[in-house]
Amino acid sequence: MARARPFSAARLPGFAAMAAATFLILYAPIATLVIYSFNGSDSVAVWGGFSLKWYGAAWENAQVQEATMRSVVIALAASGIATVTATMAALGTTRRGRFPGQTLIYAIINQPLMAPEIVTAVALLIFFSSIKVATGYTGLGYLILAHAAFCVPFAYLPIRARLESMDLTLETAAADLYATPWLAFRRVTLPLLAPGIAAGAMLAFVISLDDVIITEFVKSAGQDTLPTYMLGQIRRAATPEVNAISTVLLAVTVALLSLFFAVTRKRA
Amino acid sequence: MTEDDAAVEIRSARKEYPSAAGPVRALDDVSLTIRKGEFFTLLGPSGCGKTTLLRLIAGFETPDAGRILLEGRDITDDPPNRRPVNTVFQSYALFPHLSVARNIAFGLEMLGRPAAETRARVAQILRLVRMEEMADRRPDQLSGGQQQRVALARALAPAPRVLLLDEPLSALDLKLRKEMQRELKRLQHETGITFVFVTHDQEEALTMSDRVGVMRGGRLQQVGPPREIYARPVNRFVADFIGETNFLEGVARGGAVHLPAGAALPAPGGAPAEGARITLTVRPEHLRLNAPGAGRLEATVAEIVYFGPAAHCHMKLDDGTPIVARLEEGRMPEPGARVGLDFAPGALQALED
Ligand SMILES: Nc1ncnc2c1ncn2[C@@H]1O[C@H](COP(=O)(O)OP(=O)(O)OP(=O)(O)O)[C@@H](O)[C@H]1O
Ligand SMILES: [Mg+2]
């Protein structure tokens with residue numbers, strides 16, 4: 001007698017074809033991009049033999065160097081600010097029972113995930129330009145603050161998840177063993193929270209590193225980050241140099257995200 | 001008892017928790033004095049307020065009313081880190097990122113003791129709980145019983161005035177639990193620290209304690225040594241909760257208690273008011289089985305239940321009231337047999353409800 005088998009999407013007609021098409025659309029363009037970064041010719045479409053010359057070109061390009069440095073500085077500063085803010089927010093929202101307005105607070109913290117990015121970009125542009133006029137300051141501070149703002153929810157989520165899986169009794173035990181609230185935090189909460197904080201910081205760093213829209217609106221002249229520089233290049237003349245930069249960016253992001261998953265998978 | 005004798009004094013403590021269905025009264029006007037160096041046990045069914053009372057002593061909760069004194073000093077408003085009281089948590093709450101030795105050293109470090117003193121004390125405590133070999137392990141590399149010992153060691157290391165233990169043995173299997181019961185008694189004896197122990201296992205309470213406080217619904221019902229609580233329960237709840245017992249309900253007439261089954265029993269403790277409803281209790285081990293007609297009560301045997309060294313003989317009086325006698329080795333009656341039940345007059349007690 002045939003036993004009733006549980007429903008499985010894998011047995012629907014066309015499942016395999018659909019899966020194949022999805023993978024193709026997702027990965028074929030990226031594969032092409034990576035392959036053509038090793039192109040020996042000057043074209044992004046005509047193969048001219050294997051070569052690392054575009055990596056060399058990008059490496060020696062002063063503009064690329066400058067944009068890379070700027071991207072890294074912004075991402076480090078912004079993810080630092082966002083991680084500290086997110087850690088405090090997570091401690092404030094989890095180290096107690098349910099409280100009135102909890103959902104509202106979650107919504108406020110996660111606002112950057114919900115508001116259309118272009119709207120935030122326009123709002124920041126207008127907001128910052130009035131400050132620029134008032135103060136005359138035109139440095140990287142605006143970009144750092146803007147990035148920090150949209151990085152907060154990405155840092156917040158893994159930290160909150162970690163805190164929620166942490167036993168509140170541990171802090172009670174620390175207090176019982178003569179730890180002041182600050183020492184209980186430093187000696188018990190913080191070390192146990194560290195993997196969550198590291199994960200949040202890595203995620204925020206990656207998110208900041210590849211932002212285009214908000215950066216494009218907020219940056220002053222001569223403040224290109226790596227992604228906005230690439231966008232500018234492609235608009236003019238596309239060379240495999242952009243492929244090479246993209247491939248490196250891809251490798252860095254994949255490495256950081258793998259680390260992120262490794263850290264968050266370790267149980268509390 | 002003199003004032004100097006008191007380790008912990010709780011004066012008219014009241015505690016309510018808010019809940020969706022209105023406030024829950026976890027403690028209702030509890031007053032209690034725990035003596036220095038004694039093994040005191042709080043016993044009661046789930047939800048009766050035992051943990052709440054411990055948390056009040058530890059400082060994790062503040063009472064809505066009443067005061068808490070530690071060796072004569074009012075500590076009601078002190079935070080937990082300023083009370084020389086340590087807790088063994090039911091879940092152990094060992095710090096997972098610290099080794100066994102670092103867990104045990106935690107309290108001493110927080111107190112700012114010199115490193116050399118802390119090291120010596122940790123070694124001494126590890127020896128006391130017989131865990132010398134495990135000093136460098138992480139808590140998740142230990143068995144449940146070993147974690148239990150570390151939790152104990154960690155709480156004992158700063159030499160608190162009072163040690164609070166919230167059902168510390170409930171997660172252990174029976175054999176390990178018996179072993180840890182002896183271990184706890186030994187530790188209490190060797191350290192001389194006042195232990196306040198929480199359990200809902202009446203056998204554990206009776207075997208381990210110098211004194212027991214029986215709680216119900218946020219109120220203390222009776223406080224006294226195990227023998228006294230067992231032999232002289234103040235009400236029906238305590239009699240029922242501690243050990244096994246029989247209840248016989250009747251009406252007072254002419255100085256005797258008349259049972260619905262027909263028999264009349266002498267009213268213990270003086271003549272009750274005429275017509276009053278009285279509950280009598282008699283422990284199973286005080287009942288003797290005789291031939292029919294030779295006793296104060298007549299009953300029919302329903303079932304014999306053996307347990308190890310003895311048996312419980314379940315019977316019914318003629319009106320159906322169940323009654324149990326404990327029988328040691330010897331001839332057991334057959335189910336269905338008629339028996340006469342006898343007991344010493346002193347074995348019978350009258351109870352309030
Ligand atoms: N944080 C809390 N919020 C609301 N109600 C609580 C809280 N803690 C305890 N209570 C309630 O207070 C009462 C006493 O709880 P407590 O934990 O002291 O009982 P207990 O005797 O320790 O029970 P158990 O043997 O199950 O551990 C219970 O009715 C419980 O539901
Ligand atoms: Mg409890």
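Odds and ends about this structure:
- Neighbour-limited loop hits for chymotrypsin sites (Phe, Trp or Tyr not before Pro), the range A:43-104 (at most 12 other Cβ within 10 Å; DSSP other than H, G, I, E, B): A:47
- When the GluC sites (Glu not before Pro) in the range B:270-353 are filtered for DSSP coil states and for at most 16 other beta-carbon atoms within 10 Å of their beta-carbon, the remaining sites are B:274, B:328, B:329.
- Protection proxy ranking, highest mean first, for peptides A:251-257, B:211-217: B:211-217, A:251-257, where packing is the per-residue count of other beta-carbon atoms within 10 Å, averaged.
- Neighbouring partner chain Cβ atoms per residue of B:91-97, average, 10 Å criterion: 6
- Using the empirical formula 2.2 N^0.38 Å as the baseline, the Cα radius of gyration of the range A:176-268 reaches a ratio of 1.60.
- A Förster radius of 41 Å, combined with the Cβ-Cβ distance separating residue A:66 from residue B:111, puts the computed FRET efficiency at roughly 0.15.
- Which of B:40, B:147, B:184, positive extreme of dipole for chain B (C-beta unit charges): B:147
- Karplus (6.51, -1.76, 1.60) ³J(HN,Hα), θ = phi - 60°, over the range B:334-341, in Hz, Gly and Pro reported as x: 7, x, x, 5, 8, 9, x, 10
- Inter-part distance where the range B:22-67 and the range A:118-196 are each reduced to a Cα centre, Å: 39 Å
- GNM flexibility winner over chain B from B:52, B:321, B:199 (Cα, springs under 10 Å): B:321
- Exposed-site-free run, longest, chain A (rule: trypsin sites (Lys or Arg not before Pro); DSSP loop; at most 16 other C-beta within 10 Å): A:99-265
- Reducing the range B:216-281 and the range B:309-342 to their Cα centroids gives an inter-centroid distance of 21 Å.
- Dimensions of the range B:285-338 based on its C-alpha atoms, expressed as ranges along the principal axes with the largest first, amount to 31, 20, 19 Å.
- 21 Å tail of the calculated P(r), the range B:248-353, as % of Cα pairs: 34 percent
- Whole-angstrom Cα spans of the range A:69-225 along principal axes, big to small: 57, 34, 28
- About its Cα centre, the dipole of the protein assembly as shown is roughly 900 debye, where the only charges are +1 on Lys and Arg Cβ and -1 on Asp and Glu Cβ.
- Taking chymotrypsin sites (Phe, Trp or Tyr not before Pro) across the range A:84-190, the ones in a DSSP loop with at most 12 further Cβ atoms lying within 10 angstrom of their Cβ are A:137.
- Alpha-carbon spread of chain B, three principal axes, descending order, Å: 77, 45, 44
- Taking the centroid of alpha carbons for each part, the range A:1-71 and the range B:141-192 are 60 Å apart.
- Which of A:158, A:179, A:99, positive extreme of dipole for the range A:69-225 (C-beta unit charges): A:179
- Karplus-derived HN-Hα couplings along the range B:123-128 (A = 6.51, B = -1.76, C = 1.60, θ = phi - 60°), whole Hz, x at Gly and Pro: 4, 5, 5, 4, 5, 4
- The range B:1-156, dipole about Cα centre (Lys/Arg Cβ +1, Asp/Glu Cβ -1), debye to the nearest 20: 500 debye
- Under 27 Å from the Cα of residue A:219 - lysines, other chains or at least 8 residues apart: A:132
- Take each residue of peptide A:191-202, count the partner chain Cβ atoms within 10 Å of its Cβ, and average: the result is 1.
- Normalising the average separation of contacting C-alpha pairs (under 8 angstrom, six or more residues apart) by the number of residues puts the relative contact order of chain B at 15 percent.
- The alpha-carbon of residue B:36 sits under 21 angstrom from the alpha-carbons of these lysines, leaving out residues fewer than 8 places away in its chain: B:50, B:185.
- Global form of chain A, assessed from the alpha-carbon gyration tensor, a/c cut-off 1.5: oblate
- Rel. contact order, % - alpha carbon contacts under 8 angstrom, at least six apart, chain A: 30 percent
- One decimal place: the segment residue B:138-residue B:319 gains 58.9 nm when fully extended, by the rule 0.36 nm per residue minus the C-alpha distance.
- Shape analysis of the protein assembly as shown places it in the prolate category; the axes a ≥ b ≥ c from the Cα gyration tensor give an a/c of at least 1.5, with a/b above b/c.
Read-outs throughout are calculated quantities, based only on the coordinates presented, and are distinct from any laboratory measurement. Since we're looking at a predicted model, the values are computed, not measured. Note: ideal-geometry Cβ built from the backbone for every residue, glycine included; neighbour counts use all protein chains shown.
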